[in-house]
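First comes the structure, then the notes that go with it.
The values are calculated or read from the model by the stated rules, or taken from the named source; none is laboratory data. Remember, it's a predicted structure, so these values are computed and weren't measured experimentally. Positions of Cβ are generated from backbone atoms using ideal geometry, with glycine treated the same way; all protein chains shown enter the neighbour counts. Ligands, DNA and RNA are stripped out before the accessible areas are found, and what is left, the full protein with its side chains, is counted by its heavy atoms. Shrake-Rupley method; radii C 1.70, N 1.55, O 1.52, S 1.80 Å.
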Amino acid sequence: GSSSASVPASGSISGSISADLGARNADGSLSATLGAGSVVVVVGGTSALGAKLIEMLCAQASSSGWTLRALVPDGAALNTAPEVSSVLQTAPFAPFAPSPLKKSIADADAVVVLSEAACGAGGVDSAAMGRLMKAIGERTRRLVYVSCHGVERTSQLPFSLQNVFGNLDKQRAAEQEAQLRAKLGIAAYSVVRIGKLKDDASAKRYLAEVAPGDALNADIGYGAAATSLLKVLTRSEAINATLSLASAPAELLAISDDDDVWDDQFLTLVGPELFRKRVRTPAAQLANWLREWALEFLKPGKKLTTPVQIVQLPNGVMLRFLSSGSSYSDFDEVEDSDTKWKQAVAKRAAAERGSEGKP
């Protein structure tokens, strides 16, 4: 069946809201992919970053096939270009009125929440996060929360000063509200931490540095931040990830292909990375060199002390360190502390028997 919801606003929701619970994978679980027809809702769209993000989403609406909606508090207005109104739906944002709030996001496939702490005036107050998360329906399969740098570094300057009144602790609690809601059935969540927002250095290229966790400190431009959020909504590396954004350093801006920059930056979320070194060699050439280099470990006199299996990959090579001379442990095998202890005791006992010449 379906239920109807109407909002007395220009370009607002009207008609019916489907009860379909979103696209699903073959096993019946919700898919994190936002295909054509997906409904993307922005909460905190009256902030400056929200306006930039909405404009970018609307500019890509014809190619993405997404239905776009902004939740607007009573008495507030979107600071977006006039042409956006023909593409964008609006609905009321009333965090302390549960029924209207649920109607506003009942059919949302993706929800992007821009916090007041990170995005300034027009963002969502951390005190409203609990109610907002409760209002999200079963259809939602992608949740993005925009937070700020420093929530995991409150004992370090300058973040310790920012947390004198517990502001960063409140942000950490708001992040956890998003993560807890995701555990109740949302296919993918992303917590995105940003620094101080500023005007972009260039209006032609919007690039950003990406790092896992709470690792960055630098400011970021509105366009770069908005472009990064668009990437987060579509890239698999951002699924169930917490990441930091900052303005792209000069070494990234020196790369001519923007797609290469984004591929490289989001790769940092697939890890943990043990080593990273920036080189000027083209990626394809470097991948070939890595494959040849890895094969050296199979040659007599150059073998490693631990047996290794070389697996050639399209973009490089994988070294599998074997647990024995002929096989390797299953990556997905669950090994608890008791099992490890028993194996260590058995191995030590066998070694002692061998040194004493006992059977």
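Given the criteria closer than 28 Å to Ala287 by Cβ and at pLDDT below 65, does Ser327 qualify?
When the stated conditions are applied, Ser327 passes them.
If I ask for residues that are among the basic types (Lys, Arg) and surrounded by 10 or more Cβ atoms within 10 Å (Cβ to Cβ), which ones from the range 279-321 would you list?
Arg291, Lys303, Arg320
Sort out which residues of the range 198-228 are in a strand (DSSP E or B) and either open to solvent by 20 Å² or more (accessible area, probe 1.4 Å) or within 29 Å of Arg181 (Cα to Cα) (or both), and write them in order of number.
Lys198, Ala208, Glu209, Val210, Ala211, Pro212, Ile220 - these are the residues of the range 198-228 that are in a strand (DSSP E or B) and either open to solvent by 20 Å² or more (accessible area, probe 1.4 Å) or within 29 Å of Arg181 (Cα to Cα) (or both).
Out of curiosity, is Ala173 open to solvent by 10 Å² or more (accessible area, probe 1.4 Å), among the aliphatic types (A, V, I, L, M), assigned by the TED database to the domain that holds Asp219 and touching an Asp or Glu at 6+ places or on another chain (Cβ under 9 Å)?
Considered against the rule, which asks whether it is open to solvent by 10 Å² or more (accessible area, probe 1.4 Å), among the aliphatic types (A, V, I, L, M), assigned by the TED database to the domain that holds Asp219 and touching an Asp or Glu at 6+ places or on another chain (Cβ under 9 Å), Ala173 comes out as no.
So, in the range 229-258, of the ones that are over 21 Å from Gly35 (Cβ atoms) and in a helix (DSSP H, G or I), which residue ends up least open to solvent (accessible area, probe 1.4 Å)?
Among residues in the range 229-258 that are over 21 Å from Gly35 (Cβ atoms) and in a helix (DSSP H, G or I), the one least open to solvent (accessible area, probe 1.4 Å) is Leu252.
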